[in-house]
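The values are calculated or read from the model by the stated rules, or taken from the named source; none is laboratory data. This structure is a prediction, so every number in the text was calculated from the model and none was measured. Every residue, glycine among them, receives a Cβ derived from its backbone with ideal geometry; neighbour counts consider all protein chains shown.
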């Protein structure tokens, strides 16, 4: 069995060419920074492909992890930007001293460690417990949605510690290195692209491994997998945790590159949008998810710049069209196209599995 | 008692007040091939569901090699050595026959074990041997979703064989099969019942006669009769249940 | 669908061929010498659009007026409207676009503090100029921002003092749960204490909340002389309707809000708001020639049904503040325009106002109005010009 | 807490209960019976509200003498319009998605965006003000200290009426029998001569129509703007799932539980913390009852 199909190979290569060459050479700093922003959601998307496309776990709360990663990074950035002073929003909210749990975020390496560990750990504990209880499908979606809402309400309500509805803004540097200049944004862009490919590589490895097969098996017939002697809750929790980790990375990169983090990025709407990116790209394709994030982000920017009063018509219409007529997103269409050309029957893997009613 | 592998005592379960299985007692010997028959709604499938952990009983014990299965979860029961085949063939449609079998290989069943799993020669050999057994040696790269109904039944049996269980629970393995496929399946069962115990649900009396060591008749969640096929067929209560209804 | 919507709809259809849409990504616009670009950055979609859409109209009208009169230093103003979509990161994105790609001379924009906070670093890093036309909580002063509406002390202190003198000394504070209400109440509480009053309760409802029955019961239990409200947006509509239904209508209970202008009353429903008080820098019912001209022009341009509220007026005056500063500085350069803005006077619809010498805010009057059944306000109190003090010592 | 306040709090709980039920009932029907997760349910409510707004204006202009009863016409109109719109939606694209329930959620979310923008383009971004019905403003003064808002009382009454209507329709008529038959076994019902397409469309339209009624009624207590629907959808969704999607009774029970918890907690805690507490309660209950409060134990 080959490691990558022809279509996948083309997808990866074209993406590499775009991200490493075409965009940096042709786009001005503003547009390149926009691409960075879209790519943050691409990181989330890779995780969603694993959890949703392969594990069948639909989370309406990826914003929780995106936001946690973003806020953790933002805490570090804000502390550095504030120097010896208390962060500005704390002053406005009459918080007198830095809360103890902010203290460790003076340290960059602690921050990185916390981004890698906290969201993933939370995701694992939560999802393992919940999956063990066989909460699945739409009920799991609701649990995650409720959690996303809870976190949003907490973030908005605890203004003195979190910046409230404003979020945390105005970052300047990382360990003395100015991150606001065009040059450093470009450097961050390349770091981000490398990180993205690393994440895609990990994702692809998981999918091709025996674990990936087991995930598909769980998605289609979880019962059967249990009777093959697997602790399916553990596998689902693993997929969900990896998804959470990737989302947290996306959030951290977001804070770094966009320069702010707000509770809206945690909430229900943002979380659903993240799912939409993947739906557009193709829920079974890692490259597809990245293209989806790029494309939807691009469409959103373009539509809203050109038709500020009407862009939602296009945007909403696009979703309806994609979901109804392209159930496997762009990747699915390409697959079908190339399959037809070769005169093959549609491969089973790329057909959306029929799910029983919730 | 020494060669009893499964002992069910006082097993009861009810759904919304309806007792699907009612104070049922059953014992299976080592290497035995037991067929469970009974009219629709007698509780046959529910019995298997409870043995393999799919349904939790309201009362009673299921002892398998000194372990009480009612306290274990499905995957623990499977790992203890019980394999289950469902009434409607349940295989992974999106995976190939080979992958279906490979997933059922009883090692590397942890998350990281499976993440870094490599197919060794030994595993490959075992897969091919099982595929041979279940008449699917030429279909290894075929997606399970496009197999015929009978082939799916075999594949599911093959998946159990990969696990090498000491006790196999088979729910109507020949349903929907052609006459030729039935014969092949009978051969298959005869081969695989060596060295393990099998509990099998079946409606087709011809088929039952061909393979059964002992037969248990269930009715309304209770054991109605037990013995050899001939004994059972002569039992007046069984005749009444089957013909009187 | 308005005419401009229809036009952009057609434009949208034409552009679906994608070339028009993708073009701006790669080709930098040629810049005409005889126009000067400005940006308007407000939410046209999302939760805040209901407040901001009207401000865009008022700013647009000022721009059109200036263009009709010959432009700024002989150059016509070309306005680029961007949608912040009630989403703070989008605000930052669009602000960057306006400054870096469109290279606008000034931006008129933002409504919520959150949106302003999100664009602030963008303006500071790109040395842009933002005119911010909304009453807000203060605590800020940037070299790149001119604030043309009241900061909190300019309305809250005047309002509390007036209430304590005329309506009673016990207060109940209700707000939406975010920074503006919390800061206003932070100013209100010591002020209440200073005038010898008492704060009986302080409640916050989550943003967008529509169920106020429990809060209303708490108010009923406390029986305050005055309610001071900083509930915003759609919540406001629910809050007022439910107050009236619970028997606390404007003829029975004193309530003053620092966020309800004529625009909001439109949505709340005139009969629900009647009798309540608001404290603003501007009311449509003000009698002076500049205001009469302004209101007439708005109605002529956007329809007789349109009402004008404080943020619209502040957006309108912001454009004139900019024009006058540019002409005084004889330059579009941000630093020069800002320098020229110091103590810059303006004969605005709200009366003669002027920018502060150094803190970039505006000297304003505080006016207290009582809502009439027709949705307009009877002005019951008018302060002299109050010095802006964005960093009050409390 | 005095006796008066306690009485009013109890009424608030009941009132919120009926509001949640009215909100969630349509969603529960569409979701529970058809497995369609309609994220545009809130926008259908907004449609009902806008219809009410238009009806009010027609009455104001042409039939000012009947302004006192316009609300009844508005409720009926809102039901009819959203019913028809729901029918069109079902035939237009929902029906392509029956085999992919989670996808219905995504597609209808796109629909909700389109509808929001449509309302914004037609009615403007600002709130529209729906005139109050005079005899429903103000409160019924039970005693000196106890005031029961009349419009809430009206909603309580209307919800009871609508619930009885739905009950009758689903459980006492042939049509309801067909709906239940189709949801339980589509193929069998088709074979038995039931036009399943028609039943699907009817069911979805009924759910939509109920959203329209809710929207019309909520103009009395909330605001009407293009995003009104967003305020309601998540709450409705949680009520339905919390109750157990397969059970309409569950929707009532969960509505009751959430309403009581919310009014009590809001009185004792701050609004934000009350909300957090309720969401956590939902999560914990779903943990122990993975299929919602009302899920029958059945043999699969």
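Key figures for this structure:
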item	result
Selection status of residue B:162, in a helix (DSSP H, G or I), touching a helix residue (DSSP H, G or I) at 6+ places or on another chain (Cβ under 9 Å) and under 24 Å from residue A:230 (Cα atoms)	yes
Hits in the range C:34-46 (condition: surrounded by fewer than 23 Cβ atoms within 10 Å (Cβ to Cβ) and at pLDDT below 90)	C:34
Residues located in the range D:268-289, provided they are at the interface with another protein chain (Cβ under 7 Å from one of its Cβ atoms) and touching a helix residue (DSSP H, G or I) at 6+ places or on another chain (Cβ under 6 Å)	D:272, D:275, D:276, D:279, D:282, D:283, D:286
Residue tally, condition at the interface with chain A (Cβ under 7 Å from one of its Cβ atoms), surrounded by 24 or more Cβ atoms within 10 Å (Cβ to Cβ) and farther than 12 Å from residue D:42 by Cβ, over the range D:107-120	2
One residue from B:60, B:83, B:10 being under 20 Å from residue A:229 (Cβ atoms) and not in a helix (DSSP H, G or I)	B:83
Residue tally, condition surrounded by fewer than 16 Cβ atoms within 10 Å (Cβ to Cβ) and either touching a helix residue (DSSP H, G or I) at 6+ places or on another chain (Cβ under 9 Å) or not assigned by TED's automatic domain parsing to the domain that holds residue C:330 (or both), over the range C:61-75	2
So residue A:233, is it closer than 24 Å to residue A:121 by Cβ, over 18 Å from the mean Cα position of the chain (by Cα), more than 7 Å from every other protein chain (Cβ to nearest Cβ) and part of a helix (DSSP H, G or I)	yes
Test: residue in the range B:117-125 that is over 16 Å from the mean Cα position of the chain (by Cα), crowded, with 20+ Cβ neighbours inside 10 Å and modelled with pLDDT of 90 or more	no
Residue in the range B:64-79 that is over 17 Å from residue A:225 (Cβ atoms) and within 11 Å of another protein chain (Cβ to nearest Cβ) present	no
Wholly within the range A:50-153, helices (runs of 4 or more DSSP H) carrying at least 2 residues that are under 30 Å from residue A:208 (Cα atoms)	A:62-82, A:108-132
Residue list for the range B:99-124, restricted to those being outside any helix (DSSP H, G or I), more than 8 Å from chain A (Cβ to nearest Cβ) and over 12 Å from residue A:228 (Cα atoms)	B:118, B:119, B:120
Some residue of the range A:280-298 being free of Cβ contacts under 8 Å to residues at least 60 places away in the same chain, in contact with a helix residue (DSSP H, G or I) (Cβ under 7 Å, 6 or more places away or on another chain), surrounded by 23 or more Cβ atoms within 10 Å (Cβ to Cβ) and within 11 Å of another protein chain (Cβ to nearest Cβ)	yes
Residue D:244 vs. criteria in contact (Cβ under 8 Å) with a residue 24 or more places away in the chain, surrounded by 23 or more Cβ atoms within 10 Å (Cβ to Cβ), within 22 Å of the chain's Cα centre (by Cα) and more than 9 Å from every other protein chain (Cβ to nearest Cβ)	yes
Yes/no for residue C:115 being assigned to a loop (DSSP other than H, G, I, E, B), crowded, with 22+ Cβ neighbours inside 10 Å and under 16 Å from the mean Cα position of the chain (by Cα)	no
Given (1) buried (at least 21 other Cβ atoms within 10 Å of the Cβ); (2) within 12 Å of chain D (Cβ to nearest Cβ); (3) in contact with a helix residue (DSSP H, G or I) (Cβ under 7 Å, 6 or more places away or on another chain), number of the condition residue A:126 does not satisfy	(3)
Residue among C:216, C:265 that alone is facing chain D (nearest Cβ under 9 Å), in a helix (DSSP H, G or I) and more than 26 Å from the chain's Cα centre (by Cα)	C:216
Breaking point among (1) within 8 Å of another protein chain (Cβ to nearest Cβ); (2) in a helix (DSSP H, G or I), for residue D:190	(1)
Matching strands (runs of 3 or more DSSP E) fully within the range C:133-213 where at least 3 residues are in the same structural domain as residue C:255 (by TED's automatic domain parsing) and under 23 Å from residue C:254 (Cβ atoms)	C:170-176, C:198-205
Lone qualifier among A:248, A:252, A:244, A:239 - being at pLDDT 95 or above, part of a helix (DSSP H, G or I), farther than 25 Å from residue A:189 by Cβ and more than 7 Å from every other protein chain (Cβ to nearest Cβ)	A:239
Flag for residue C:84 being in contact (Cβ under 8 Å) with a residue 40 or more places away in the chain and in contact with a helix residue (DSSP H, G or I) (Cβ under 6 Å, 6 or more places away or on another chain)	yes
Any hit, the range D:130-139, residues being more than 9 Å from chain C (Cβ to nearest Cβ), free of Cβ contacts under 8 Å to residues at least 60 places away in the same chain and farther than 13 Å from residue C:46 by Cα	no
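Yes/no matrix, rows are residues, columns are (1) in contact with a helix residue (DSSP H, G or I) (Cβ under 9 Å, 6 or more places away or on another chain); (2) within 22 Å of residue A:86 (Cβ to Cβ); (3) within 14 Å of chain D (Cβ to nearest Cβ):
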| residue | (1), (2), (3) |
| --- | --- |
| A:161 | yes, yes, yes |
| A:170 | yes, yes, no |
| A:173 | yes, yes, no |
| A:179 | yes, yes, no |
| A:184 | no, no, no |
| A:187 | no, no, no |
| A:197 | yes, no, no |
| A:203 | yes, no, no |
